[in-house]
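Asks: Quick one: this structure, given as structure tokens, is what I'll be asking you about.
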Amino acid sequence: MEVKPAYKQTEIGLVPQDWGVQKLGELKPFLTSGSRGWASYYSERGDLFVRITNLTRESIYLDLTDTRFVRLPEGSSEGVRTQLEENDVLISITADIGIIGYIDVHVPVPAYINQHIALLRFDPAEVNSKFISYFLASEESQKVFRAVTDIGAKAGMSLSGVKKIQTALPPTINEQHAIATALNDMDVLLDGLNRLIAKKRVIKQAAMQELLTGQTRLPGFSGKWGRREIKALVVTPVTDGPHMTPNFHEDGVPFLSVNNLVNNIIDLKSLRYISKADDEVFSKKCKPRRGDILLGKAASVGKVAVVEDDFDFNIWSPIALIRVNELVVPKFIYYQLQGGDCVSQIMLLTNSSSQGNIGMSDIEKIEIPHPSVEEQAEIAAVLSDMDTEITALEARRSKTRALKQAMMQELLTGRTRLI
């Protein structure tokens, strides 16, 4: 490999000549991990108890959605040793090794960790802990953690192993701080997008509850709603895909299973294919087309999607196909199947087997409340516009995540220097 004049080759790749490469232990941090036996201190209220569940690979900041609390006896030595402080760095060291956490002002203290997490505390005059957190969460560092994980299911990293992890450090604390601040700005932007998306989803759920039950009527509409079973709203009886396992090919006709129904849309990222000849045979039983509704009937019962585009594909037996008649709008039925009324009916009709399944005759028994076709179309349009807005925000979030990853690659390797 040709080494650029301003760079040097190290064990962790090319870094600027003026950057240092050191093991974490050489930075002389306070290093410890939690201890066992914390379950006896669990409490409904008390001090935050941080577990691997609270660490995420999406961000260095803790996810406190699922929290546990502890109450320690007064004077507990374990509480003194494992109590978290602002700017601490956390690393998961068992099971899913290498998830990084950073303790900022938003983490309520006192807080403690369990035995599956290592804690590093650096001298703030020498090391910017947030920079270290981002560096350990970067792809090059994660390769080291994955290598440990690949050893086996019971793999774990000792504290001495944590000390041996190498990091590249800019020569001044100011440059470390500048890099950490730039990446933190991206995390703030992502957090804002996450909150906005969550808010939009809550608004949509509220709109569904109001509009799909007739509690709120759109302007210009009135009158009673009808309520019919699905069997009275279909062109042909509800059916499903073939129950045989076909021969799959590298290309051909896309063959969807319930795994391709993701977030109530058809996900084409991970497709399997069948031959044209098999598709012709399977099409004698069913062949999806625009306007058809797909409903998960086995394993993931209740997942739903509507076919909105003209493309050639077929479905496997875990998916039921619902083709509605002129009494209802397909997109309206699609939303109704996600509403609380229909979801409750699906749960009651689902067999309580290990995987769960619902038969076609039971699907046909699901009762759908509905107004006139014109009002159905308006309701579907309102909810569809909300979905479009959420999808656009999710696309923006994906681009922001990709930009953050690119920035990490540039800034944490010194390829791009901040002024």
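Asks: Of the labelled options (1) 107, 45, 40; (2) 73, 59, 44; (3) 111, 52, 37, which one gives Cα extents along the principal axes in Å as computed for this structure?
Replies: Computed from the coordinates, Cα extents along the principal axes in Å corresponds to (2).
Asks: May I pose another question? What residues have an amide H closer than 5 Å to that of Ile117, excluding those fewer than 5 places away on the same chain, when H is modeled at 1.01 Å from N in the peptide plane?
Replies: Amide H to amide H, under 5 Å and 5 or more residues apart or across chains, Ile117 pairs with Gly34, Ile93.
Asks: Normalised by the number of residues in segment 210-273, what is the relative contact order in percent for Cα pairs under 8 Å and 6+ residues apart?
Replies: Once normalised by length, the contact order is 24 percent.
Asks: While we're here: Enumerate the amide H contacts of Gly226 below 5 Å, restricted to partners 5 or more residues apart or on another chain; note that Pro and chain-start residues carry no placed amide H.
Replies: Distant-sequence amide H within range of Gly226: His370.
Asks: Using the beta-carbon distance between Thr391 and Glu74 and R0 = 51 Å, what value does 1/(1 + (r/R0)^6) give for FRET efficiency, to the nearest 0.05?
Replies: Result of the calculation: an efficiency of 0.45.
Asks: Roughly speaking, what is the stretch gain from Lys231 to Tyr42, that is 0.36 nm per residue apart minus the C-alpha to C-alpha distance, in nm to one decimal?
Replies: Contour length minus Cα-Cα distance gives 62.9 nm.
Asks: So, in Å, what gap is there between the alpha-carbon centers of segment 37-85 and segment 199-237?
Replies: Here the answer is 44 Å between Cα centres.
Asks: What is the Rg over Rh value, at two decimals, for segment 3-104, using alpha-carbon atoms and the Kirkwood definition of Rh?
Replies: That ratio equals 1.10.
Asks: Along the Cα-to-Cβ line of Ala381, 7 Å from the Cα, sits a label point; which residues in segment 213-245 have backbone N less than 17 Å from it?
Replies: 217-222
Asks: Each residue of segment 90-95 in turn: what ³J(HN,Hα) in whole Hz from Karplus with 6.51, -1.76, 1.60 and θ = phi - 60°, glycine and Pro shown as x?
Replies: 10, 9, 6, 10, 9, 6
Asks: What are the semi-axes of the equivalent ellipsoid of segment 141-215, taken as the square roots of 5 times the eigenvalues of the Cα gyration tensor, listed largest first and rounded to whole Å?
Replies: Working from the Cα gyration tensor, I get semi-axes of 43, 24, 7 Å.
Asks: From Cα pairs below 8 angstrom and at least 6 apart in sequence, can you work out the relative contact order of the chain, rounded to a whole percent?
Replies: Worked out over the chain, it gives 16 percent.
Asks: If you don't mind, there's one more thing I want to ask. Expressed in nm to one decimal, what extension gain is obtained for the pair Ser222 and Arg417 from 0.36 nm per residue of sequence separation less their Cα-Cα distance?
Replies: Contour length minus Cα-Cα distance gives 63.8 nm.
Asks: Quick one: of Lys163/Lys404; Lys204/Lys331; Lys269/Lys331; Lys143/Lys164; Lys130/Lys404; Lys276/Lys303, which pairs are farther than 18 Å apart, Cα to Cα?
Replies: Those over the limit are Lys163/Lys404; Lys269/Lys331; Lys276/Lys303.
Asks: Moving to a separate point now. Antiparallel as a % of all DSSP beta bridges within the chain, to the nearest 5?
Replies: 90
Asks: Give me the percent of Cα-Cα pairs in segment 252-334 that sit more than 14 Å apart, rounded to a whole number.
Replies: Of the Cα pairs, 60 percent sit more than 14 Å apart.
Asks: When the helix-only estimate is applied to the chain (DSSP H runs of n ≥ 4, each -39,500 (n - 2.57), divided by the residue count), what is the mean residue ellipticity at 222 nm, nearest 500 deg cm²/dmol?
Replies: -10500 deg cm²/dmol
Asks: What are the ³J(HN,Hα) values, in whole Hz, obtained from phi via the Karplus relation 6.51 cos²θ - 1.76 cosθ + 1.60 with θ = phi - 60°, for each residue of segment 231-237 in sequence order, with x given for Gly and Pro?
Replies: Once rounded to whole Hz, the list reads 4, 8, 10, 10, 6, 10, x.
Asks: Also, I was wondering about something else. Averaging sequence separations of C-alpha pairs under 8 Å and six or more residues apart, then dividing by the length of segment 1-127, give the relative contact order as a whole percent.
Replies: 31
Asks: Still on this structure: What net charge do the residues around Ile293 carry, taking every other residue with its C-beta under 10 Å from that of Ile293, with Lys and Arg at +1 and Asp and Glu at -1?
Replies: In short, +1.
Asks: Taking the Cα centre of each part, how many Å lie between segment 255-322 and segment 87-144?
Replies: Each part reduced to its Cα centre gives a spacing of 43 Å.
Asks: Same structure, new question: Once you've got the GNM for the chain with C-alpha springs shorter than 10 Å, pick whichever of Pro246, Pro369, Pro219 has the biggest mean-square fluctuation.
Replies: Of the options given, Pro219 has the highest mean-square fluctuation.
Asks: So who's got an amide H within less than 5 Å of the one on Ile315, skipping anything under 5 residues away but keeping other chains? H placed 1.01 Å off N, in plane.
Replies: Amide H neighbours of Ile315, under 5 Å, 5+ apart: Leu256.
Asks: If one computes P(r) from the Cα atoms of segment 164-278, what percent of pairs lie at distances over 23 Å?
Replies: 69
Asks: Moving on to the next point. Per residue, how large is the accessible surface of the chain? Use a 1.4 angstrom probe and give square angstrom.
Replies: Heavy-atom SASA per residue in the chain reads 52 Å².
The values are calculated or read from the model by the stated rules, or taken from the named source; none is laboratory data. Since we're looking at a predicted model, the values are computed, not measured. With ideal geometry, Cβ positions are generated from the backbone for all residues, glycine too; neighbour counts draw on all protein chains shown. Heads up: the accessible areas ignore ligands, DNA and RNA and are worked out on the full protein's heavy atoms, side chains in. Shrake-Rupley method; radii C 1.70, N 1.55, O 1.52, S 1.80 Å.
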